[in-house]
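Worksheet for the structure shown next.
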Amino acid sequence: MSEVNVPVFCCWNGCIKDGTNGIYYEGSNYRMTTVKGKTKFNELLDHLYQVTGLDRKRSKFGIIGRYPTDIQAFRVKYKPLPVVDDTSLETMLEITTKHPYIKDIDLYLEVESTSVGVIDPATCSSPSDILGGSSKRQKTDIHVKLERETDRNSESDGVVHLVDSSTLNKDSISGHVSKPCMSSLWLDDHDLRVGLCFKDGDELKKAVDWCSLKAQQKCVVRETAKDEYIFECIRWKCKWSLGAARMKKHGLVEIIKYTGPHTCHPIVPEDFKSEFETDEIERAVRYMPTQTISELKKWWKKKIGYELETSDVRLAKEKAIKRVFGDWDQSFEDFPKLMSALCSSNGLLVDWKYDLFPNPNFASFCGVFWAFPQSIEGFQHCRPLIVVDTKNLNCEYQLKLMIASGVDAANKYFPLAFAVTKEVSTDIWRWFLTGIREKVTQRKGLCLISSPHPDIIAVVNESGSQWQEPWAYHRFSLNHFYSQFSRVFPSFCLGARIRRAGSTSQKDEFVSYMNDIKEKNPEARKWLDQFPQNRWALAHDNGRRYGIMEINTKALFAVCNAFEQAGHVVTGSVLLLFDELRSKFDKSFSCSRSSLNCGDVYTEPVMDKLEEFRTTFVTYSYIVTPLDNNAFQVATALDKGECIVQLSDCSCTCGDFQRYKFPCLHALAVCKKLKFNPLQYVDDCYTLERLKRTYATIFSHVPEMSAWPEASGVPRLLPPVIPPSPPPSPPTYVSGTKCRTTPLATKKKS
Ligand SMILES: [Zn+2]
Ligand SMILES: [Zn+2]
């Protein structure tokens with residue numbers, strides 16, 4: 001082979017194209033020359049500088065050989081072979097020997113100017129230094145330039161292109177002009193990387209899809225502008241991403257940004273969907289934790305395209321809240337920020353209670369009171385009645401939850417104010433009840449229903465309290481009263497009498513039960529006598545309770561369900577409470593509005609009574625006898641007793657008329673007899689219009705978490721100090737009102 005001369009066809013100042021027979025050159029400069037079959041790479045470079053007349057001080061070049069592959073009878077396909085060293089040169093020079101019908105070899109020169117480069121060719125010891133003396137430098141600096149014809153056939157006939165193995169590094173030589181590095185369709189051994197070029201977006205997508213499929217990962221693509229693509233792993237915790245755009249300099253779609261590899265686990269197909277849903281919802285919750293279930297559902301439908309079940313979204317959201325706000329200690333720190341976000345967006349009224357540390361930037365949490373102006377606004381349309389109660393939260397810090405609720409036109413609890421505290425005491429009840437008077441309602445004649453706990457009684461009876469007559473009428477929940485009694489007198493028989501005495505509306509019946517109790521146990525009677533009878537006995541209530549004798553604790557705290565769930569910390573629970581409250585408002589508003597639109601006027605309790613009368617009227621025959629003073633005696637064939645109805649007083653001796661403030665069956669019988677419209681005796685608090693107004697105020701959008709304002713005026717809160725461990729220092733008691741006390745102008749639903 002030593003004697004063999006190989007004809008060499010050199011081309012430069014043009015570009016490599018891809019056609020049906022593989023690569024070819026289209027350009028302005030050509031030279032024919034011959035080299036010895038055993039020429040070394042350095043010698044070739046010297047020779048080519050002579051042949052081409054290029055200035056080695058001002059330019060350098062990479063060499064691409066046109067190498068025949070896929071040789072069939074009458075057809076040869078050529079692929080680019082970078083000539084970078086003696087071995088690759090030898091491969092090229094052997095072509096004419098191996099394939100006698102090929103008469104010469106083609107070398108395409110990629111010329112680059114080095115006049116602005118940091119490497120001065122004059123200082124280089126050999127020409128190979130310019131191209132990169134080490135293999136690393138060669139990899140860095142040699143680029144294959146390859147363009148494809150817009151010939152669909154060439155793509156579909158399975159032509160395989162050689163790929164340059166270089167890694168583009170734009171910083172290796174400053175002033176370096178990057179050359180496109182064309183990807184083949186076959187990416188088995190080549191990772192996606194910056195600098196890799198594709199004919200178009202479709203080809204790029206196919207390449208990325210194939211890589212993802214092989215690695216069992218999934219990504220989505222966004223076309224951010226024309227011919228600009230961002231691929232991201234669908235698992236948002238994984239930072240894998242790829243950006244590509246069509247570059248003006250070569251007209252190809254080039255990868256310009258790549259962050260990899262995937263940090264997510266490969267996807268197991270059967271678990272994928274639920275994992276994906278949970279992850280995605282967590283992402284949304286992290287971004288905007290106040291999104292409602294229905295907002296999340298809508299977002300999902302729009303983004304992914306299919307509907308999620310409400311229960312699935314609820315579960316996923318709860319899980320996400322647990323993960324995002326799962327840490328108790330962190331929770332006390334986050335809490336003021338959440339409240340301040342709710343304050344600035346929805347006008348939330350907040351009052352913090354904490355013990356300052358010697359360093360006043362820190363404090364331990366004692367309690368927080370909050371009320372939404374939406375509730376305060378709605379309460380104006382409810383009957384003048386408030387129920388308060390408290391419950392222990394089964395959590396690390398033994399926190400207590402307090403609630404104040406009104407009752408809406410449909411006899412459902414209407415949440416008004418909340419507090420979370422580290423303990424419940426006289427002080428705390430004073431703070432809570434004063435908070436309601438200062439922030440929630442100044443209404444006169446309120447009925448306050450609570451347990452007969454000594455702390456509450458003490459606060460209500462304090463001088464100057466706004467919870468005494470005529471401002472308020474304190475009443476006990478009969479079930480709480482009964483259980484307090486039972487703790488002192490565990491007799492079942494006595495307990496049953498207490499219940500009957502408390503719930504009868506007949507004064508004489510009440511008296512007889514009380515005498516009975518005195519006879520059975522004088523001590524029990526003495527115990528009862530320490531409380532005014534109007535506190536617990538319906539017969540002495542004077543219509544303040546609207547018939548509400550007991551607190552249904554489960555229903556009262558239903559809106560606070562999140563506080564009960566294991567794993568929820570206080571911040572997460574308040575977030576979920578906000579959710580519940582909003583959906584309660586939305587649901588009740590739309591229900592009452594549609595009932596109104598259907599022509600209904602009154603809520604269920606009244607409608608049920610009218611219906612009861614309509615059905616019993618057929619079976620009972622009511623005998624209505626006029627008495628003196630516009631009173632009527634009503635008797636039925638079935639009832640032994642008879643009742644006296646006084647329409648002008650809205651009263652009946654059965655007690656129900658006064659109790660519920662709408663006509664009892666007897667009063668309805670009188671109305672029917674007199675052809676009076678019974679609705680004039682129904683209290684306005686039962687109208688659907690009032691129900692609608694109660695829930696008419698809209699909650700405002702809370703911005704994403706990153707936009708939450710810092711809580712001003714609240715020190716950094718640490719978890720409450722739980723007795724018996726002594727506090728770190730003698731605490732300074734501070735109670736502060738940190739948010740505006742005037743509600744924001746609230747928006748109404750239409
Ligand atoms: Zn990933
Ligand atoms: Zn009656």
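Since every read-out is calculated from the coordinates, none of them should be taken as a lab result. It should be emphasised that the depicted structure is a prediction, and the values quoted were computed from it without experimental measurement. Positions of Cβ are generated from backbone atoms using ideal geometry, with glycine treated the same way; all protein chains shown enter the neighbour counts.
Packing-wise, with mean Cβ within 10 Å as the measure, how do 625-637, 416-428 rank, highest first? Can you show the working numbers first?
On the way: 625-637: 14.1, 416-428: 20.2.
Ranked from most to least packed, the peptides come out as 416-428, 625-637.
In this structure, the amide hydrogen of C366, modeled 1.01 Å from its nitrogen in the peptide plane, lies closer than 5 angstrom to those of K353, Y354, D355, counting only residues at least 5 positions away or on a different chain. For region 10-18, the Karplus equation 6.51 cos²θ - 1.76 cosθ + 1.60, evaluated at θ = phi - 60°, returns couplings of 9, 10, 8, 6, x, 9, 7, 10, 10 Hz by residue, with Gly and Pro reported as x.
Extension gain, R193-K749: 0.36 nm per intervening residue step, less the Cα-Cα distance, totals 194.8 nm.
Here's how it looks for L399: its modeled amide H is under 5 Å from those of L393, which are all 5 or more places away or on a different chain.
Could you list, in their original order, any pairs among K237/K301; K218/K587; K319/K587; K214/K239 whose Cα atoms are separated by more than 29 Å? From K237/K301; K218/K587; K319/K587; K214/K239, over 29 Å: K218/K587. Here the residues I23, I376, ranked from fewest to most Cβ neighbours within 10 Å of their Cβ, fall in the order I376, I23.
Taking all Cα pairs closer than 8 Å and separated by 6 or more residues, the relative contact order of region 508-599 comes to 13 percent. Under a 5 Å amide H cut-off, with hydrogens placed 1.01 Å from N, K79 pairs with I23, Y67, T69 among residues at least 5 apart or on other chains.
Packing-based ranking of 280-292, 529-541, 261-273, 332-344 yields 332-344, 280-292, 529-541, 261-273, ordered from highest to lowest mean Cβ neighbour count within 10 Å.
If you average the C-alpha positions of region 414-491 and of region 253-324 separately, how far apart do those two centres end up, in angstrom? Measuring centre to centre over Cα atoms gives 45 Å. For region 1-112, the tally of Lys pairs with Cα-Cα distances below 19 Å comes to 11, considering only residues 8 or more apart or on different chains.
Scan region 662-724 for GluC sites (Glu not before Pro) in coil per DSSP, keeping those whose Cβ has at most 15 other Cβ atoms within 10 Å, and list them by number. Show your work: numbers first, answer last.
Working: sites: E689, E704, E710; in loops: E704, E710.
Sites meeting the loop and neighbour criteria: E704, E710.
A Förster radius of 56 Å combined with the Cβ-Cβ distance from T263 to E611 puts the calculated FRET efficiency at roughly 0.30.
Charge tally for T553 (other residues, Cβ to Cβ under 15 Å; Lys, Arg +1; Asp, Glu -1): +1. Distance between the 7 Å Cα→Cβ label points at E710 and T69: 6.1 nm.
Sort C560, C652 by Cβ crowding within 10 Å, fewest neighbours at the top.
On the way: C560 22, C652 26.
By the 10 Å Cβ count, ascending, the order reads C560, C652.
Suppose R0 equals 41 Å; then what is the FRET efficiency for N461 and Y287 from their Cβ-Cβ distance, rounded to the nearest 0.05? After rounding to 0.05, the efficiency reads 0.25. Rounded to 0.05, the FRET efficiency of the I623 and E519 pair, given R0 = 35 Å and the Cβ-Cβ distance, is 0.40. With contacts taken as Cα pairs under 8 Å and at least 6 residues apart, region 183-267 reaches a relative contact order of 29 percent.
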